[in-house]
Amino acid sequence: MSTRPTNLQRLDSVGERRCPGIVYLVGAGPGDPELLTLRAARLLTQADTVVYDHLVGDGILGLIRKEADLIYVGKEKSCHTLPQGEINALIVRLARQGKQVVRLKGGDPFIFGRGGEEAEVLADEDIPFEIVPGVTAASGVSSYAGIPLTHRDYAQSCVFATGHLKDDSLDLDWVNLAHPRQTVVIYMGLGALPEICRQLMAHGRAANIPAAVVEQGTTDKQRVVTGTLTTLPQLVAERKMKSPCLIIIGEVVALQEKLQWFHPDATASLGHAAIA
Ligand code: SAH
């Protein structure tokens, strides 16, 4: 168990605030603003400064207090607006200036969001911080696509992995990923999709296992393409799908046809929040 003092203890023991600022590492969910937690929505109305990533859409930015400063730090593959080290330094500096900082990230800050790295820096620098979880893409995007990640008839486990290419090679545990009756969800895997499908088949997954790619899930631009490990890469290439895309592989994908309920074109008439 950590022996680090809590923010409250810290205030008590010093008698005054050592650092009057605080950083909230907040998950913004996968896109639809209605998937924000109440806590995230409230913090957005109270923040002095919001430091946000490219995956956070206008519908959510619109909820931020008008007087707050907005700082975009990007974070698209090969197009980082600010390197991670500078983002870390920025949030530390803002907190030291006494600001209530919301560090707003797509999905959940602790799932492929580098929230852990930022929290470590804040802890090292003795800056008070809190983590506000968000709906991660696997959960939000699969729900809006109509693909249950587990199902008693088809999948008893579910694995999240990243398909981010490092030195043109994918360093994943293919033996584990290829387990039967398991759903595999891959973040940041669009560029590596052909290799992912090839490796899963090479490690024993059947060529006709259903698989899907969901682009901009939960938003009014959501597109879902389903196929099999053999057909999916070509289908995705033909449709020129672009990031952010989530890959979902496993028998559960076959349920998508029956369970799809979210029709982006009809969101307005259904009273669902349209996303700018
Ligand atoms: N922390 C985030 C993930 C950040 S990594 C989370 O918990 O969701 C970024 C990757 O997440 C994207 O490349 C994509 O694979 C996935 N992703 C995030 N939002 C998405 C969306 N709306 N639709 C499809 N994929 C999404």
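We did not get these values from a lab; they are worked out from the coordinates using the rules stated. Because the structure is a prediction, the values reported are computed rather than measured. All Cβ positions, glycine included, derive from the backbone under ideal geometry; neighbour counts span all protein chains shown.
When the alpha carbon gyration tensor of the range 138-259 is reduced to an equivalent ellipsoid, the three semi-axes, largest first, read 19, 18, 13 Å. Taken over the range 121-199, the convex hull of the Cα atoms encloses 152 Å³ per residue.
Just to be sure I understand: of the beta bridges DSSP finds with both ends in the chain, what percent are antiparallel, rounded to 5? Mind dumping the intermediate values first?
Numbers: 18 of 43 bridges.
Roughly 40 percent of the DSSP beta bridges within the chain come out antiparallel.
An oblate overall shape is assigned to the range 218-258, the ratio a/c of its alpha-carbon gyration tensor axes (a ≥ b ≥ c) being 1.5 or greater and a/b not exceeding b/c. When the GluC sites (Glu not before Pro) in the range 30-121 are filtered for DSSP coil states and for at most 13 other beta-carbon atoms within 10 Å of their beta-carbon, the remaining sites are 67. When restricted to Cα atoms, the chain yields an Rg and a Dmax of 20.3, 65 Å, respectively.
What trypsin sites (Lys or Arg not before Pro) does the range 211-248 have in DSSP loop regions with at most 14 other beta carbons within 10 Å?
Counting only loop positions with at most 14 other Cβ atoms within 10 Å, the trypsin sites (Lys or Arg not before Pro) in the range 211-248 are 221, 239, 240, 242.
Between residue 86 and residue 152, how high is the FRET efficiency from 1/(1 + (r/R0)^6) when r is the Cβ-Cβ distance and R₀ = 35 Å? Nearest 0.05. Kindly include the intermediate steps, with their values, before the conclusion.
Numbers: r = 47 Å, r/R0 = 1.35.
Efficiency at R0 = 35 Å is approximately 0.15.
Over the chain, Cα pairs under 8 Å with separation of 6+ residues give a relative contact order of 20 percent. With helices as the sole contributors, the chain gives -7000 deg cm²/dmol at 222 nm; each DSSP H run of n ≥ 4 counts as -39500 (n - 2.57), and the sum is divided by every residue.
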